[in-house]
Each structure stands twice: as structure tokens, then as C-alpha cells.
1. Could you please find all residues in the range 64-83 being closer than 16 Å to LEU104 by Cβ and modelled with pLDDT under 95?
2. Just give me the residues in the range 115-138 being within 16 Å of ligand 2 (Cβ to nearest atom) and either over 19 Å from LEU4 (Cβ atoms) or assigned to a helix (DSSP H, G or I) (or both), in sequence order.
3. Mind checking whether some residue in the range 154-175 is within 13 Å of ligand 1 (Cβ to nearest atom), in a loop (DSSP other than H, G, I, E, B), in contact with a helix residue (DSSP H, G or I) (Cβ under 6 Å, 6 or more places away or on another chain) and touching a residue at least 12 places away in the same chain (Cβ under 8 Å)?
4. Of all residues in the range 9-27 being in contact with a helix residue (DSSP H, G or I) (Cβ under 7 Å, 6 or more places away or on another chain) and within 16 Å of ligand 2 (Cβ to nearest atom), which is nearest to SER103 (Cα to Cα)?
5. Please work out if ILE41 is within 11 Å of ligand 1 (Cβ to nearest atom) and buried (at least 18 other Cβ atoms within 10 Å of the Cβ).
6. Which pairs do you get when a residue that is among the basic types (Lys, Arg), found in the range 372-401, comes within reach of a residue that is part of a helix (DSSP H, G or I), reach meaning Cβ atoms under 7 angstrom, with the pair 6+ apart or on two chains?
7. Could you tell me whether GLY361 is loosely packed, with under 13 Cβ neighbours inside 10 Å and small (Gly, Ala, Ser)?
8. Give just the number: which of (1) more than 16 Å from ligand 2 (Cβ to nearest atom); (2) of a type in the set (Lys, Arg); (3) under 17 Å from LEU104 (Cβ atoms) does ARG30 not satisfy?
Amino acid sequence: MDRLFIEAKPVIQQLKNAGYEAYYVGGAVRDYLLKREIHDIDIATSATPLEIKSVFPTTVDVGIEHGTILVIYEKKGYEITTFRAETKYIDFRRPEDVMFIRSLKEDLQRRDFTINAMAMDEEGNIIDPFNGQEDIKKKCIKTVGSPTERFGEDALRLMRAVRFVSQLGFKLDMGTEEALIEQAPLLQYIAIERILMEMEKLLTGKYVKQALKIARKTQLHEYWPAIFKQDHVIDQIVEMPIEELDNRHLWLLALYLCKTEEPQKQFKKWKMPMKEIKKLLRALTFLNWRMNSKWTNVQLYRAGKEIAVMVEKLVQVLQYEKPQSIEAIIDKKFAEFPITDRSHLAITGTDILEWTEQTPGPWVSQLLNQLEEEILNKNLPNEREMIRRWVKGWENQSRDKCSKH
Ligand code: ATP
Ligand code: MG
């Protein structure tokens, strides 16, 4: 058994000693059977939230209304969820109302896919009423029960199906795929934050091409951010050697290919963090520029190492070339630069103001830009006295120009 299961075993044992049932459930059991790395352990129990709290001295009410209590044991947190059935589903979303039950099988029955609907006891015995193990062998994603009903109850499952394809490289069961085609439009009722979270997992998956092809075939992509909506974007991406690209590269690639007029608006609508949006838009500017030009020292410096590497990888992929490892090449270039950041300049804007005795304004930053270029192009050393002379020279020149007018 995996180390994480062994560490969590006393938690299960304490629930059992108190007279309740308790099992490992969900993704951890699936990943254990798949021999994939396990991230976190989820435990399901017949104990109600209050009963769970009476068993353990340290708990946090993370989602008590849904039956989830965080138990702190040996400095680690374990999410323990009471067996539950979900009753009413409103607007194709998971219900707010849950009903606590005492049956493991019913709890497993409300779960989305057979591969996610297995439990394991503390001895390692698998409880598998919906043949999840068989579907693992067949590499198949199949809903527990009628796919039409299950997607209708909670349309996020449409996204989850495709993101598991991306993570596991499994195929969709035929019935599940047919229901996905039929019910793709239900995704419009799901909160964008939830879709985006699944989207990020999908774009990080090892089998992302397979998942993108399914999204395109089932038209699920029509309910994704506009950047991915156009058919040609996905059609092009799946033909490119994208295997080494992470999710942020794929956002940038789609952004480049979709040629949308107002990318910032799109990202904001999808509630992406502002920092991420800014980085992507900066990277897009450099990518557009780089597609028709070669890097100069100054442009590399302006882009910064991270964006330069990202752009360079995409330039290769857009030419249908497998990206070579360019980090080392770009690292070497940056190592040769006299400065790699404005803060490395031997002077500051305040020095310029003191030397010139002029009033502050945007000209200071413009002058610093010029100065950076001179230093990067090795026309001027990054030394205080040399720079002071250079600034004085610039001042005299601009005075001459003014007096001529
Ligand atoms: P990951 O490795 O990404 O954490 P996971 O399968 O553990 O994958 P979670 O979102 O952590 O996914 O959910 C834990 C378990 O809860 C799932 O394995 C599944 O049994 C159940 N589950 C999660 N979301 C849904 C849903 N929308 N509908 C039904 N069951 C769900
Ligand atoms: Mg999980």
C-alpha cells in the first residue's frame, strides 16, 4: 500500500473503533489501482459530521453542510465525508441539499464515473459495485448508471469526463460519449470558475490531444472560453507537437491562433487571475513580433527570460517542430548580458534628476530605456561615472536642439 494510505490508516481505525464504517474513496483508490502517484487521501464514513467531530480532537468545519470535515491527524489534514446521497438537482448543477446515509454503496452510486466509484478498506480490499476495476483494465470512462441522467444532474461531469481522458489517456465508453454529444450544451449552466478549474487540469494532462479531439467531436468546446471556441484553433493544435507544452503555453498558443480582437476581455470574463492575464498578453505581443523577426539583445532583455523561453518554444511548435530544449541557450544569452533587469543599473532615476536638475516626468523612464539599450549593446559600461557623463552629454545635446529652435 502507498505511504499516504498507511499514514491515514489510524484515522480509519479510530472511526471503526467508534463503531462506524470508514473507507478510502475516490481519486486516491483509482490512482492506486492505476499505479499513478497519489495526491490526497479522501475518506468516506457512515459517521455523521457531528459524530466525526466527536471521534477526533482536532477538526475543521470545511464543508459541514455537505458532510465534509477536515480532521487533523499527526499534523496532516484528511477530508472525511459522510456517506451521502444527493437529492434534488437544480439547473443541472450539483445540489445544495444532501442527505446523509449509512450505506457505502449508495454513496458510491452518486459518484460520477465507475473508475471514481470504488472504495478501499484499511486492509487494501477493494469495494467495487460498479465494475470500476474492469473499466480501468479496459481504459474506459463510463458513468455510474445512465449517462444522460448523470450529466443532466450535474453538467460539470461533462468537463470531468474529458479531463480524465486528458489525464489518463482513456477512451469514453460509447454510451457516455453519445450522451456527451447530446448534452454538451448543458455546460452553459455551470459556473465558469468550475469549468476553468477542469480546463486547467485538462490542459495539463499528458493526453491533452486526445481530450481536445473529443471536445471538438462532441462540440463541448463551444462552451469553453472564446479562445478555444473556434474549430480551427483546436484542429490546428491537435496537429502540432504540443506534448512538451504546459497549460500556460497552450493558452498562449490558442490565443495566438484565434486572433481575437479583445483577448483581455475574454480572460476577464473567465475570471483568470489578473497577473496571469498580463503575462499571457505580454507573451502574445512578443510572440507576434517574434514570428517575423529575430531576437536582439534588447528585445530579449525586454521580454525577460521566462517569456522568451515560452515564446521560443511556441515559435518551434507553430512551425510543427518539436521544441528543443532552449532554456540553456537563453540562459547563456542572459548570463552574457551586463544587466538583466533595470534594478541592475549602476544608477537610478533619482540620480538622473539630480544631475540634470530638471523636473521629473516620463522623460526619465524614456532616458533609462535608452540607457539600458546602450549598455546592452555594449556602447556604454554599466559604471556610475561613465553613465553620469553619458547623461550630461544627452543633456547638452537636448539643450543644443532646443536653442536651435
Ligand atoms: P483528482 O485526482 O483531480 O483529485 P478526483 O477523482 O479525486 O480527481 P475530486 O474532484 O477530488 O476528483 O473528487 C473526488 C471524488 O468525488 C471523485 O473521485 C468522485 O468520486 C467524486 N466526485 C467529484 N466530483 C463529482 C461530481 N461532479 N459528480 C459526482 N461525483 C463527483
Ligand atoms: Mg481528489
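1. Just the residues of the range 64-83 that are closer than 16 Å to LEU104 by Cβ, to begin with: 67, 80-83.
Selection gives GLY67 alone.
2. Residues of the range 115-138 within 16 Å of ligand 2 (Cβ to nearest atom): 115-120, 132.
Residues satisfying the conditions are ILE115, ASN116, ALA117, GLY132.
3. Yes, there is a match, as at least one residue in the range 154-175 is within 13 Å of ligand 1 (Cβ to nearest atom), in a loop (DSSP other than H, G, I, E, B), in contact with a helix residue (DSSP H, G or I) (Cβ under 6 Å, 6 or more places away or on another chain) and touching a residue at least 12 places away in the same chain (Cβ under 8 Å).
4. It comes out as TYR23.
5. Values: within 11 Å of ligand 1 (Cβ to nearest atom): yes; buried (at least 18 other Cβ atoms within 10 Å of the Cβ): yes.
Considered against the rule, which asks whether it is within 11 Å of ligand 1 (Cβ to nearest atom) and buried (at least 18 other Cβ atoms within 10 Å of the Cβ), ILE41 comes out as yes.
6. Final answer for the pair search is ARG388/TRP355; LYS392/TRP355.
7. Details: loosely packed, with under 13 Cβ neighbours inside 10 Å: yes; small (Gly, Ala, Ser): yes.
Considered against the rule, which asks whether it is loosely packed, with under 13 Cβ neighbours inside 10 Å and small (Gly, Ala, Ser), GLY361 comes out as yes.
8. Going through the list (1) more than 16 Å from ligand 2 (Cβ to nearest atom); (2) of a type in the set (Lys, Arg); (3) under 17 Å from LEU104 (Cβ atoms), ARG30 breaks only (1).
The values are calculated or read from the model by the stated rules, or taken from the named source; none is laboratory data. All values reported here derive from a predicted model rather than from experimental measurement. Please note: Cβ atoms are built from the backbone with ideal geometry, for glycine as well, and neighbour counts cover all protein chains shown.
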